[in-house]
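Each remark here refers to the structure printed beneath this line.
Read the figures in this text as sums done on the coordinates, not as results from a lab. What you see is a predicted model, and the numbers here were worked out from it, not measured in a lab. Here the Cβ positions follow ideal geometry from the backbone for every residue, glycine too, while neighbour counts run over all protein chains shown.
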């Protein structure tokens, strides 16, 4: 991994169109500003990973019909 | 219209079949294919899906990959279970999906069914936004964290 030192208000440029700026540092928190083209999505990694895992989990169920049967039963109760 | 363009039209409307490992044989029209503007996280190679609904499975809908017979999601329109679910979709995402009017948009949540069906959840944080007119879709990660990735569908979960 490339590691660079930056001060507040300094930036790095990634590729042609992505700018990552250190907006503020206080204690253990760093505020980062990101300018990116609209086809580049930017997310906190933990949210991104949780959604990725959830998507994979969603395709694992083998028997979809049993879920529908359960739902029908549940509605009647 | 020239003969060649008529032929092209016919080719576009061709029906195709896929042997879904979960749903059996599915016949669909080329025109029904929904193309993802960005892949669903975890499935970078899959772009083309078909929505399959029938009365029996209502309100749940299948989202079957056309490219991989093993990949099929269960979707539900979140509004059916969560009437106040009206998340704001960013202008950026609306643009990517060529959405101009509200009537073109449909939202679906991806359902996860664990071993106990009563513990089923729906992902309200990252809905599939579909432009029904243009047959485009994208899983959108909402900025607003009030919507949970694992929102229970039923009460009395374990």
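Is there a simple number for the mean count of other chain Cβ atoms within 10 Å of the Cβ of residues in A:38-51, and what is it? Could you put the intermediate results ahead of the total?
Numbers: counts 6, 5, 1, 8, 1, 4, 2, 0, 0, 6, 3, 2, 6, 10.
For this peptide, the per-residue mean of nearby foreign Cβ atoms is 4.
Which order do the peptides B:124-135, B:17-28 come out in when sorted by mean C-beta neighbours inside 10 angstrom, highest first? Present the calculation step by step, with values, prior to reporting the outcome.
Details: B:124-135: 20.2, B:17-28: 13.7.
Output ranking for B:124-135, B:17-28: B:124-135, B:17-28.
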Nitroxide proxy distance, nm - points 7 Å out along Cα→Cβ at residue B:69 and residue B:115 | 3.0
To the nearest 10 degrees, the tilt of helix A:45-58 (Cα long axis) against the first principal axis of the alpha carbons of chain A is 20
Antiparallel as a % of all DSSP beta bridges within the protein assembly as shown, to the nearest 5?
-> 95
Please build a GNM for chain B, connecting alpha carbons under 10 Å apart, and tell me which residue among B:48, B:93, B:115 fluctuates the most.
-> B:115
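State, as an integer percentage, the relative contact order of chain B based on alpha-carbon contacts under 8 Å between residues 6 or more apart.
Values: 280 pairs, mean separation 27.7, N = 158.
So the answer I get is 18 percent.
For chain A, calculate the relative contact order in percent as a whole number, restricting contacts to Cα pairs under 8 Å that are 6 or more residues apart. Show your work: numbers first, answer last.
On the way: 52 pairs, mean separation 12.1, N = 77.
Answer for chain A is 16 percent.
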The simple spin-label model distance between residue B:19 and residue B:48, using points 7 Å out along Cα→Cβ, in nm, is 1.9
Pairing the Cα long axis of helix B:3-12 with the longest principal axis of chain B, what angle in degrees results, from 0 to 90 and rounded to the nearest 10?
-> 20
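Could you work out the mean count of beta carbons from other protein chains within 10 Å of each residue's beta carbon in A:64-75? Provide the component values of the computation, followed by the final result.
Details: counts 11, 4, 2, 8, 7, 2, 6, 11, 3, 2, 7, 1.
Across the residues of A:64-75, the mean count of other-chain Cβ atoms within 10 Å is 5.
Going by a ≥ b ≥ c, the root eigenvalues of the Cα gyration tensor, does chain B fall in the rounded group (a/c under 1.5), the prolate group (a/b larger than b/c) or the oblate group?
Details: a/c = 2.23, a/b = 1.43, b/c = 1.56.
Oblate shape, in that a/c is at least 1.5 and b/c is the bigger or equal ratio.
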per DSSP, antiparallel bridges as share of beta bridges in chain B, % nearest 5, sits at 95
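So how do B:15, B:121 line up by other beta-carbon neighbours within 10 Å, fewest first? Don't jump to the answer; show the numbers that get you there.
On the way: B:15 10, B:121 22.
Lowest count first: B:15, B:121.
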The protein assembly as shown: C-alpha gyration tensor shape, a/c 1.5 cut-off, then a/b vs b/c = oblate
Given the options A:41, A:11, A:66, state which has the largest fluctuation in a GNM of chain A using a 10 Å cut-off (strictly under) for Cα springs.
-> A:66
Simple label model, 7 Å out from Cα along Cβ direction - residue A:38 to residue A:22, nm | 3.2
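Is the shape of region B:68-158 rounded, prolate or oblate, going by the alpha carbon gyration tensor and its root eigenvalues a ≥ b ≥ c, with a/c under 1.5 for rounded and a/b larger than b/c for prolate? Please report the intermediate quantities before stating the final value.
Details: a/c = 2.26, a/b = 1.57, b/c = 1.44.
It is prolate, given that a/c is not under 1.5 and a/b is the larger ratio.
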Helix-derived [θ] at 222 nm for the protein assembly as shown: sum -39500 (n - 2.57) over DSSP H runs of at least 4, divide by residue count, nearest 500?
-> -5500 deg cm²/dmol
Quantify how strongly other chains surround peptide B:94-101 by giving the mean number of their Cβ atoms within 10 Å of each of its Cβ atoms.
-> 1
Compare B:142, B:75, B:107 in a GNM of chain B, Cα atoms joined below 10 Å, and give the one with the largest fluctuation.
-> B:142
